[in-house]
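Scroll down for the structure; my scribbles are underneath it.
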Amino acid sequence: MDEKKVLDKKERLLAALDQGMVMIHLDARRPGVLVPASVKTEAHLRLNLSYRFDPPDLTVGEWGVRSTLSFSGSRFTIAVPWSALFAIASHVTKEFWMYPEDMPPELLQQTAASRPAQPLPVAPAPGAAERPRTFLREVQGERRDEPPAEVPPPTDGPPDEPSPPRRGHLRLVK
């Protein structure tokens with residue numbers, strides 16, 4: 001496997017783990033993958049990794065990823081070489097990096113059949129521009145500083161009980 005791609009995957013995974021929980025997408029059938037027998041035939045296996053799980057042995061190295069995870073309540077030490085990992089998704093930042101050249105062929109065919117006119121998203125180069133910023137815009141709606149158009153005329157009789165002042169529907173809870 002290309003050393004540059006390995007370094008890119010490693011850096012992205014470590015940066016995402018520093019932010020919080022990360023989901024790795026892998027082909028469990030690839031050589032070198034060590035997962036429970038119940039999921040060994042999965043073309044698209046998703047595993048969650050996080051420092052908050054307090055993993056005793058989480059290792060992200062030159063070879064790939066190793067950690068002890070829980071599968072249906074039983075602990076199992078997994079091993080995932082970089083060649084089997086084809087996507088990384090951050091639960092915290094919602095960022096997603098995909099490596100199409102490492103995807104299983106049936107997933108590529110499935111993706112191409114469902115969206116033939118759109119190219120696959122590819123992981124941007126390291127150091128690429130930041131995520132776009134969010135901009136707020138004003139939405140035209142009912143104006144609160146003007147009285148409503150259908151205000152009943154005031155009566156000359158005795159004043160009724162004054163209505164309480166109008167308040168917003170949000171309140172601060174400490």
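Just so you know, all these numbers are worked out from the coordinates, no wet-lab data involved. A quick note: this is a predicted structure, and the numbers were derived from the prediction, not measured. Note that we place each Cβ from the backbone using ideal geometry, even for glycine, and neighbour counts take in every protein chain shown.
Here are the numbers for this structure:
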{"item": "Under Karplus coefficients 6.51, -1.76 and 1.60, residue-wise ³J(HN,Hα) of region 54-70 in Hz, glycine/proline x", "result": "6, x, x, 9, 4, 10, 10, x, 5, 6, x, 10, 9, 6, 9, 10, 9"}
{"item": "Selection from S70, V92, Q110 lying farthest towards where the dipole of region 3-114 points positive, charges on Cβ", "result": "S70"}
{"item": "Karplus 3J(HN,Hα) series, Hz, for region 13-28 with 6.51 cos²θ - 1.76 cosθ + 1.60 (x for Gly, Pro)", "result": "5, 5, 5, 5, 5, 5, 7, x, 5, 10, 10, 9, 10, 9, 9, 6"}
{"item": "Net charge over other residues, Cβ less than 10 angstrom from the Cβ of T77 (K, R count +1; D, E count -1)", "result": "+1"}
{"item": "Other-chain or far-sequence residues with amide H under 5 Å of T93's (modelled H)", "result": "none"}
{"item": "Label-reachable residues, region 64-84, where backbone N falls under 14 Å from a point 7 Å from S38's Cα toward its Cβ", "result": "69-77"}
{"item": "Listed peptides 16-26, 91-101 by packing density, highest first (mean Cβ within 10 Å)", "result": "16-26, 91-101"}
{"item": "Under Karplus coefficients 6.51, -1.76 and 1.60, residue-wise ³J(HN,Hα) of region 45-50 in Hz, glycine/proline x", "result": "9, 10, 10, 8, 10, 6"}
